[in-house]
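S.K.: The structure under discussion is supplied below as structure tokens; questions concerning it will follow.
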Amino acid sequence: MARILTGITPSGRPHLGNILGAILPAINLSKQSDNDSFFFISDLHSLITIKEAKTRIEYTNAIAAAWLAFGFDTDKNTFYRQSRIPEVCELTWYLNCFTPYPMLANAHSFKDKSDRLADVNAGLFTYPVLMAADIILYDADIVPVGKDQKQHLEITRDIASGFNRQYGDTFVVPEAQIDEKVMTIPGTDGLKMSKSYGNIIDIFLPEKALRKNIMSIVTDSTPLEAPKNPDTCNVFSLYEILADQDQVKVMRENYLGGNYGFGHAKQALFELIKEKFETQRAQFDHLMEHPDEIDARLAEGEIKARAVAKEVLEKVRIKLGYQPS
């Protein structure tokens, strides 16, 4: 059985791009009978940028509610908050003492901001080491990552392999799983949907706010009566991702036939999202109104995660000459 490990940082409420590009693919992986999935909310990582406790709690609950609303099985798998596993911080310190400065200085997470060093805190600089601890603390075999995280997974492999060479077989060296077919979900401006771009679609918004969100999608100035090119339209691109083939065919005909405005297309997209995610939206709202239910599900996973973490950390402590806890 392969152990799959995936983490998501609570840097905001989950949006359509997160759901289609990360949450649903990960849940589908977890449903395979030969996989054992560890999914966690990396709330320690969020402290690099988010300093407000209330905001972190809200985003953590929102991420958990989204996973649960889309059917992640917490009985079969393990679901937990990173911050509730103190062993990860202890292991991070040990790994820091084996990680060379140039490795971290060359990491994308640091280099992207290295021209503004006043904005760089130590947490950002050592981010790849905490990520390594997140992974090898649980004997993860496979880590699904996007192309932007490939380098950090390679750092994890280097750290784990280097420790094993010096102290003998201790850590499972994980393999990256990069899905080249992962779709890029366009945002309201046509660029890749991202919180940092401010172009997201939040499917969990109340109906009025969700409709306003969708109506903000950028379109061109083609008149209502004129035919429109569906292949260059942000609204159609999103509709095509979510709708079935018959619905897409009708929408394409509407675009090409004229007398069909972008407002009509946006309304159709709004109705489609409401219908397609009706159950998940209702479950998300219920969980956000009952955070104790979220906490209970996560607490169960944290018991399971700590059992694994303690076992791995004991091996490390012994090899480094520290007494077992």
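The values are calculated or read from the model by the stated rules, or taken from the named source; none is laboratory data. Computed from a predicted structure; not experimentally measured. Cβ atoms come from the backbone with ideal geometry, glycine included; neighbour counts cover every protein chain shown.
S.K.: Filter the stretch 1-22 for residues that are outside any loop (DSSP other than H, G, I, E, B) and out of contact with any Phe, Trp or Tyr (no Cβ under 6 Å at 6 or more places or on another chain) and give the result. Please lay out each step first, then the result.
M.R.: Residues of the stretch 1-22 outside any loop (DSSP other than H, G, I, E, B): 2-8, 16-22.
Residues satisfying the conditions are ALA2, ARG3, ILE4, ILE8, LEU16, GLY17, ASN18, ILE19, LEU20, GLY21, ALA22.
S.K.: Another question, if that's okay. From ILE241, ILE273, grab the single residue that is aliphatic (A, V, I, L, M) and within 15 Å of LEU205 (Cα to Cα).
M.R.: Testing whether each residue is aliphatic (A, V, I, L, M) and within 15 Å of LEU205 (Cα to Cα) leaves just ILE273.
S.K.: Sticking with this one: Among the numbered conditions (1) among the basic types (Lys, Arg); (2) in the same structural domain as GLN82 (by TED's automatic domain parsing); (3) without any contact (Cβ under 8 Å) to a residue 60 or more places away in the chain, tell me where LYS249 comes up short.
M.R.: Among (1) among the basic types (Lys, Arg); (2) in the same structural domain as GLN82 (by TED's automatic domain parsing); (3) without any contact (Cβ under 8 Å) to a residue 60 or more places away in the chain, the lone unmet condition for LYS249 is (2).
S.K.: May I pose another question? Can you tell me which of ASP115, ASP119, ASP139 is charged (D, E, K, R) and under 19 Å from ALA176 (Cβ atoms)? Working first, answer last.
M.R.: On the way: ASP115 fails: under 19 Å from ALA176 (Cβ atoms); ASP119 fails: under 19 Å from ALA176 (Cβ atoms).
The unique qualifying residue is ASP139.
S.K.: Related question: Please specify each residue of the stretch 237-250 satisfying the condition of being among the hydrophobic types (A, V, I, L, M, F, W, C) and closer than 12 Å to LEU272 by Cα. Break it down stepwise before answering.
M.R.: If we filter the stretch 237-250 for residues that are among the hydrophobic types (A, V, I, L, M, F, W, C), which is where we start, we get 238, 241-243, 248, 250.
Within the stretch 237-250, LEU238, ILE241, LEU242, ALA243, VAL248 meet the criteria.
S.K.: Which residues, counting only those in the stretch 117-142, are in contact with a Lys or Arg (Cβ under 9 Å, 6 or more places away or on another chain), over 17 Å from ALA107 (Cα atoms) and part of a loop (DSSP other than H, G, I, E, B)?
M.R.: The answer is TYR138, ASP139, ALA140, ASP141.
S.K.: Sort out which residues of the stretch 89-116 are in a helix (DSSP H, G or I) and either out of contact with any Phe, Trp or Tyr (no Cβ under 9 Å at 6 or more places or on another chain) or loosely packed, with under 15 Cβ neighbours inside 10 Å (or both), and write them in order of number.
M.R.: Looking only at the stretch 89-116, we keep the residues that are in a helix (DSSP H, G or I), and these are 89-96, 101-105, 108-111.
Residues satisfying the conditions are CYS89, GLU90, LEU91, THR92, TRP93, ASN96, TYR101, PRO102, MET103, ALA105, HIS108, LYS111.
S.K.: Which count do you get for residues in the stretch 188-211 that are surrounded by 12 or more Cβ atoms within 10 Å (Cβ to Cβ) and either in contact with a Lys or Arg (Cβ under 7 Å, 6 or more places away or on another chain) or over 20 Å from GLN280 (Cβ atoms) (or both)? Steps first, answer last, please.
M.R.: First, the residues of the stretch 188-211 that are surrounded by 12 or more Cβ atoms within 10 Å (Cβ to Cβ): 188-195, 197, 199-205, 210-211.
Next, from what is left, pick out any that are either in contact with a Lys or Arg (Cβ under 7 Å, 6 or more places away or on another chain) or over 20 Å from GLN280 (Cβ atoms) (or both): 188-192, 194, 197, 199, 202-204.
So the answer is 11.
S.K.: What about ALA53, is it at pLDDT 95 or above, of a type outside the set (Val, Ile, Thr) and over 16 Å from the mean Cα position of the chain (by Cα)? Steps first, please.
M.R.: Values: at pLDDT 95 or above: yes; of a type outside the set (Val, Ile, Thr): yes; over 16 Å from the mean Cα position of the chain (by Cα): yes.
In short, yes.
S.K.: Return the residues of the stretch 276-297 that are in a helix (DSSP H, G or I), exposed (fewer than 15 other Cβ atoms within 10 Å of the Cβ) and not acidic (Asp, Glu); say none if nothing qualifies.
M.R.: LYS276, THR279, ALA282, HIS286, ALA296
S.K.: Given (1) of a type in the set (D, E, K, R); (2) assigned to a loop (DSSP other than H, G, I, E, B); (3) in the same structural domain as LYS54 (by TED's automatic domain parsing), identify the lone condition not met by LYS310.
M.R.: Evaluating LYS310 over (1) of a type in the set (D, E, K, R); (2) assigned to a loop (DSSP other than H, G, I, E, B); (3) in the same structural domain as LYS54 (by TED's automatic domain parsing) leaves (2) as the failure.
S.K.: Can you name the residue in the stretch 46-72 that is in a loop (DSSP other than H, G, I, E, B) and touching a residue at least 12 places away in the same chain (Cβ under 8 Å) and, of all such residues, is nearest to PRO14 (Cα to Cα)?
M.R.: First, pick out the residues of the stretch 46-72 that are in a loop (DSSP other than H, G, I, E, B): 49-52, 70-72.
The next check asks that each one be touching a residue at least 12 places away in the same chain (Cβ under 8 Å); those that pass are 49-50, 70-72.
Numbers: THR49: 17, ILE50: 16, PHE70: 12, GLY71: 15, PHE72: 15 Å.
Filtering first and then ranking leaves PHE70.
S.K.: Out of everything in the stretch 1-22 that is within 10 Å of the chain's Cα centre (by Cα) and under 20 Å from ALA305 (Cβ atoms), what residue ends up being surrounded by the fewest Cβ atoms within 10 Å (Cβ to Cβ)?
M.R.: Among them, the one singled out is ALA22.
S.K.: What's the total number of residues in the stretch 73-103 that are under 17 Å from HIS152 (Cβ atoms) and free of Cβ contacts under 8 Å to residues at least 40 places away in the same chain?
M.R.: First pass over the stretch 73-103, keeping only residues under 17 Å from HIS152 (Cβ atoms): 82, 88, 91-92, 95-96, 98-103.
Of the ones still in play, those that are also free of Cβ contacts under 8 Å to residues at least 40 places away in the same chain are 96, 100-102.
Number satisfying all stated conditions: 4.
S.K.: Of all residues in the stretch 117-137 being surrounded by 15 or more Cβ atoms within 10 Å (Cβ to Cβ) and free of Cβ contacts under 8 Å to residues at least 24 places away in the same chain, which is farthest from ALA307 (Cα to Cα)?
M.R.: Taking the candidates together, the pick is VAL120.
S.K.: While we're on this one: Before we move on, is THR55 of a type outside the set (Lys, Arg) and crowded, with 17+ Cβ neighbours inside 10 Å?
M.R.: no
S.K.: Say whether the condition of being at pLDDT 95 or above, assigned by TED's automatic domain parsing to the domain that holds ALA299, surrounded by 18 or more Cβ atoms within 10 Å (Cβ to Cβ) and assigned to a helix (DSSP H, G or I) is met by at least one residue in the stretch 32-43.
M.R.: No - not one qualifying residue is present in the stretch 32-43.
S.K.: Looking only at the stretch 253-266, decide whether some residue is more than 18 Å from GLY187 (Cβ to Cβ) and in contact (Cβ under 8 Å) with a residue 60 or more places away in the chain. If you could, list the steps in order and put the result at the bottom.
M.R.: To start, the set of residues in the stretch 253-266 that are more than 18 Å from GLY187 (Cβ to Cβ) comprises 253-261, 263-264.
Right, trim to in contact (Cβ under 8 Å) with a residue 60 or more places away in the chain and you get none.
No - not one qualifying residue is present in the stretch 253-266.
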